Amino acid sequence: MNFVAREFTSAAEMRAHAAAVHARCFNPPVRLIPKLEPIVVEPEIPVLARQLPTWEAIATSFDAHVVEWRNRMANPPKAYLKDRCRELGIPYAVMIGKDRRRKVSDHRQILIWEIHNKFGMSFPALGRLFGGRDHTTALYSVRKVEAMRGAA
């Protein structure tokens with residue numbers, strides 16, 4: 001594409017041309033918004049759906065054994081951990097918490113080893129189960145308990 005340089009006969013013509021280009025680029029023409037027609041709302045047609053069971057339709061309080069069964073089916077390693085915490089007399093919240101006292105940390109390491117062997121969980125999953133710990137913490141715990149078992 002060949003462009004030819006424009007030649008102006010006077011400075012006034014050059015200023016007028018520059019003003020016209022500026023107006024064309026920076027002052028776009030005003031566009032009128034068309035008048036919209038009013039929106040007509042159609043009446044809703046009822047949809048006949050199957051009736052939900054009562055326990056889904058309204059809040060229902062299940063027996064404790066049903067809730068416990070659901071929790072165990074959802075996450076068996078977590079249910080095992082809670083049972084073992086109850087047996088050891090250490091609250092679950094303390095076991096997965098940031099407590100670093102020897103009494104808690106030794107039991108935590110043994111539980112990590114137990115769950116790793118019983119359920120075959122990966123080290124990152126073990127770390128998440130025990131309060132969002134790093135996978136290397138779980139790896140260290142398993143190796144430490146294995147070493148203790150070998151020494152005894």
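The values are calculated or read from the model by the stated rules, or taken from the named source; none is laboratory data. These numbers come from a predicted model, not from an experiment. With ideal geometry, Cβ positions are generated from the backbone for all residues, glycine too; neighbour counts draw on all protein chains shown. The protein model used for the area step is the full one, side chains on, heavy atoms only, and it has no ligands, DNA or RNA in it. Shrake-Rupley method; radii C 1.70, N 1.55, O 1.52, S 1.80 Å.
Stokes-Einstein diffusion for the stretch 80-152, with the hydrodynamic radius set to the Kirkwood value over Cα pairs and evaluated at 4 °C in a medium of 1.567 mPa s, equals 107 µm²/s. The GluC sites (Glu not before Pro) found in the stretch 26-98 that occupy coil by DSSP, while having at most 15 further C-beta atoms within 10 Å, are 44. Just in the stretch 83-140: which trypsin sites (Lys or Arg not before Pro) are loop by DSSP and have at most 12 other Cβ atoms within 10 Å? Of the trypsin sites (Lys or Arg not before Pro), the ones in loops of the stretch 83-140 whose Cβ has at most 12 other Cβ atoms within 10 Å are 98, 100, 101.
Helices in the chain, meaning DSSP H runs of at least 4 residues, each add -39500 (n - 2.57). Divided by all residues, the mean residue ellipticity at 222 nm is -18000 deg cm²/dmol. Using the charge dipole of the stretch 1-107 (Lys, Arg: +1 at Cβ; Asp, Glu: -1 at Cβ; taken about the Cα centre), state which of 79, 90, 57 has its Cα farthest towards the positive end. Positive-most Cα among the choices belongs to 90.
Taking chymotrypsin sites (Phe, Trp or Tyr not before Pro) as exposed when DSSP calls them loop and at most 14 other C-beta atoms lie within 10 angstrom, the chain has its longest site-free stretch at 63-152. How many percent of the accessible area of the chain is carbon or sulfur, using a 1.4 Å probe? The computed percentage sits at 60. Across q = 0.09, 0.14, 0.19, 0.21 Å⁻¹, the chain modelled as identical point scatterers on its alpha-carbon atoms has Debye log10 I(q)/I(0) values of -0.57, -0.88, -1.16, -1.31, in the order of the q list. Each label point was placed 7 Å from the Cα along the Cα-to-Cβ direction; for residue 41 and residue 88 their separation is 6.0 nm. Extension gain, residue 106 to residue 67: 0.36 nm times the residue separation minus the Cα-Cα distance gives 10.9 nm.
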